[in-house]
1. Contact list please: Cβ distance under 7 Å, first residue in the range 27-40 and under 16 Å from residue 143 (Cα atoms) and of a type outside the set (D, E, K, R), second residue open to solvent by 60 Å² or more (accessible area, probe 1.4 Å) and at pLDDT 95 or above, pairs at least six apart or on different chains.
2. Can you name every residue in the range 189-219 that is part of a strand (DSSP E or B) and either over 30 Å from residue 130 (Cβ atoms) or of a type in the set (D, E, K, R) (or both)?
3. Of all helices (runs of 4 or more DSSP H) completely enclosed by the range 71-170, which ones contain at least 3 residues that are in contact with a helix residue (DSSP H, G or I) (Cβ under 8 Å, 6 or more places away or on another chain) and either closer than 29 Å to residue 4 by Cβ or not charged (D, E, K, R) (or both)?
4. Go over the candidates 242, 204 one by one and state the one that is over 18 Å from the mean Cα position of the chain (by Cα) and among the hydroxyl-bearing types (Ser, Thr, Tyr).
5. Given the range 244-324, what strands (runs of 3 or more DSSP E) lie entirely inside it while holding 1 or more residues that are open to solvent by 10 Å² or more (accessible area, probe 1.4 Å)?
6. Kindly list, by first and then second residue, each pair from a residue in the range 298-324 that is in contact (Cβ under 8 Å) with a residue 12 or more places away in the chain and hydroxyl-bearing (Ser, Thr, Tyr) to a residue that is part of a loop (DSSP other than H, G, I, E, B) and open to solvent by less than 100 Å² (accessible area, probe 1.4 Å), limited to pairs with Cβ atoms under 6 Å and residues at least 6 apart or on different chains.
7. Just name the residue that is farthest from the chain's Cα centre (by Cα) out of those in the range 164-201 that are among the aliphatic types (A, V, I, L, M) and within 23 Å of residue 305 (Cβ to Cβ).
8. Being open to solvent by less than 70 Å² (accessible area, probe 1.4 Å), within 20 Å of residue 298 (Cβ to Cβ) and among the small types (Gly, Ala, Ser) narrows it down to one residue among 228, 172, 166; which is it?
Amino acid sequence: MKFATFDLNGSIHSGVVSGEDAVHPLPAGETLLGLIERGAEALRAAGEAALAGPSVALADVRLLPPLQPPTVRDFVAFEEHVEGAMITVQGPGAVVVPEWYELPTFYFTNPYAIIGPNDPVPMPPGSAVLDFELEVGIVIGRAGRDLTVDQAGEHIIGYTIFNDWSARDLQSREMRVGLGPCKGKDTATTLGPWLVTADEFEEYRDADGFLDLAMRASVNGVEIGRDSLVNMGWPPAELVAYASRGTWIRPGDVLGTGTCGNGGCLGELWGRGSELPSLRPGDTVSLTVEGIGTVANTVVEGAAPQPIPAARKRPRTRRDSFDA
């Protein structure tokens, strides 16, 4: 099933998408995250009940992010992307570091920056080098910790498209400090157009758990990237298992797969000799993933950065005593 969240005449609803052009609203007040928290069976039952009821044309609603995740982890699971990005940063001859192959790596990104599948994307304040990143979002359906890989697969409720918008100039500066990414990834993350439940992807799954889903990226209608989710270094369940190591994952958490290769972002292509420019206001980025759908966001002008002074050199004064 495909579950969407949408705005209809100023009122927010969740619903089940049928065919190419209709969505069946769930009961008023019912949210997708609330249903996920009640479990897969409750989600399916609610979806089947909604499909038996009235529908609304998708053309008459504004799609919102399918859910507002409590946490967002973003992995870097495609070797080809890492290779191209490292060449961009370090120059010709750069190779993927051995540590990448040992275990999947992720960072936490901003759950307050989630935007919908057709929402405008503001230029991050202070940035002039904006990029997109074509990923798939893995949505958690059950709480768990220290999961085995076999257990972890049962905790995936579904998948959505994930666009990790990246201010490359901000990212480059802050990561030279040895920490990050931070503000380079802080302004917008697209989720959408809906959540597709995990059972819809069994035909795409191979014996090792990888999903062979075609992925495509276009800017202003011109295709610039094409890959498959099967090229991840780790299948989705292994990312979930690692995320749960020593901590909890909970319903509604989203795990980005990381950017696909072969043009999943401009940054990778720059390392391979592309002269494509970074994104500017007016550019529209369209991302399509087989079995899920398409998101299309247009870049717009953003806010001017509020000034922050540079660090001041301090005297490193130490006091011999202090009042308790």
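The values are calculated or read from the model by the stated rules, or taken from the named source; none is laboratory data. This structure is a prediction, so every number in the text was calculated from the model and none was measured. Positions of Cβ are backbone-derived with ideal geometry, glycine not excepted, and every protein chain shown enters the neighbour counts. Only protein heavy atoms, including side chains, enter the accessible area calculation; ligands, DNA and RNA are left aside. Shrake-Rupley method; radii C 1.70, N 1.55, O 1.52, S 1.80 Å.
1. Filtered contacts from the range 27-40: 33/68.
2. Across the range 189-219, the qualifying residues are 197, 205, 216.
3. Those helices (runs of 4 or more DSSP H) span 79-90, 149-153.
4. Matching residue, one of 242, 204: 204.
5. 284-289, 293-300
6. As it stands, the answer is 298/120, since those pairs meet every condition given.
7. 177
8. The match here is 166.
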